[in-house]
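Written out below as C-alpha cells is the structure these notes cover.
Values quoted throughout were computed directly from the atomic coordinates according to the rules given, and no laboratory measurement underlies them. The structure displayed is predicted, hence computed values, not measured ones. Here Cβ is always computed from backbone atoms with ideal geometry, including for glycine, and neighbour counts include all displayed protein chains.
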Amino acid sequence: MKHLILASGSPRRKMLLQWAEIEFEVRASDVDEDFDLSKSPSEVAVALAARKNEAVMASLGNDANAIVLAADTLVVLEGRIINKPIDRSDAIAILQQLSGKTHEVITGVCIRSMKDHVVFYDTTRVSFHPLTESQIEHYVDTYRPYDKAGAYAIQEWIGVVGIRSIEGDFYNVMGLPISRVIHELNRFFSR
C-alpha cells in the first residue's frame with residue numbers, strides 16, 4: 001500500500017498535512033542547505049527541496065510504495081534571499097528590513113516515488129505594515145523565530161498585527177502550498 005513520507009521536521013508542514021487529513025510519517029532529512037548564489041530564488045528553493053527528497057529516498061532502499069514529499073521555503077526581499085536568523089539581533093535586523101515593504105515567500109516542492117517525480121514552486125507576496133521597534137522586539141523575544149525563514153511565522157502574533165496584505169497562497173507562507181500539494185499527491189496515489 002502506498003504511503004507518504006514527509007522529509008521535514010517542520011511542525012508547520014506536519015500541521016498542514018494533518019489539517020488536510022492525510023496520513024504520513026516523518027523522516028526529516030539532514031542535508032547541507034548551502035546554495036548556488038548564481039541561481040534564482042525559485043531555482044534555489046526547488047533545488048533544496050529536491051536535495052532533501054533525494055536524501056530520504058536514498059534511505060528507503062527499494063520501497064516501491066513510498067511517496068516522499070520535501071519542501072524548502074525562502075523569503076526574498078528585493079531579489080535577495082533572507083536566511084533564517086542566527087540570533088536575536090539578526091532576527092531584529094531582518095524584521096526591520098521587512099518592515100513597511102513587500103517581499104516574496106517562495107516554497108519549492110519535490111514529490112517523488114520510485115516511478116515518478118514532480119517539482120514545482122509557489123510564490124506569495126507579503127506586505128508588512130511599518131513595524132515599531134517595540135513590536136519587533138516583543139515578537140522576537142516572545143516567539144523566538146530563529147528557525148523561520150525571514151524571522152517570522154505568518155500564523156503568529158506578527159502576522160496578525162504586522163501584515164497588511166498577501167497575494168497568493170496563505171499556506172505557502174506557512175511552508176507548504178497545501179492545495180497544490182494535495183492535487184499532486186492525488187495523482188501519485190491514483191497510479
Exercise for the section: Might you check whether a residue that is touching a Cys at 6+ places or on another chain (Cβ under 9 Å) and in a helix (DSSP H, G or I) occurs anywhere in region 34-42? Expected result: no
Exercise for the section: Give region 51-76 a look and list any residue that's of a type in the set (A, V, I, L, M, F, W, C) and more than 16 Å from the chain's Cα centre (by Cα), or say none. Expected result: Ala55, Val56, Met57, Ala58, Leu60, Ala64, Ala66, Ile67
Problem - Single residue of Tyr139, Tyr146 found to be in contact with a helix residue (DSSP H, G or I) (Cβ under 8 Å, 6 or more places away or on another chain), surrounded by fewer than 15 Cβ atoms within 10 Å (Cβ to Cβ) and more than 17 Å from Leu77 (Cβ to Cβ) - result: Tyr146
Problem - Residues of region 58-79 satisfying the condition of being over 20 Å from Phe170 (Cα atoms) and among the hydrophobic types (A, V, I, L, M, F, W, C) - result: Ala58, Leu60, Ala64, Ala66, Ile67, Val68
Exercise for the section: Return the pairs, sorted by first residue and then second, in which the second residue is among the charged types (D, E, K, R) and not in a helix (DSSP H, G or I), the first residue lies in region 83-100 and is free of Cβ contacts under 8 Å to residues at least 60 places away in the same chain and within 19 Å of Glu33 (Cα to Cα), the beta carbons are less than 7 Å apart, and the residues are 6+ apart or on different chains. Expected result: none
Fill in the blank from the handout: When region 62-96 is checked residue by residue, the ones that are part of a strand (DSSP E or B) and among the β-branched types (Val, Ile, Thr) are Ile67, Val68, Thr73, Val75, Val76, Ile81, Ile82
Handout entry: Residue in region 56-76 that is nearest to Tyr121 (Cα to Cα), counting only those that are touching a Lys or Arg at 6+ places or on another chain (Cβ under 9 Å) and free of Cβ contacts under 8 Å to residues at least 60 places away in the same chain
Key = Asp72
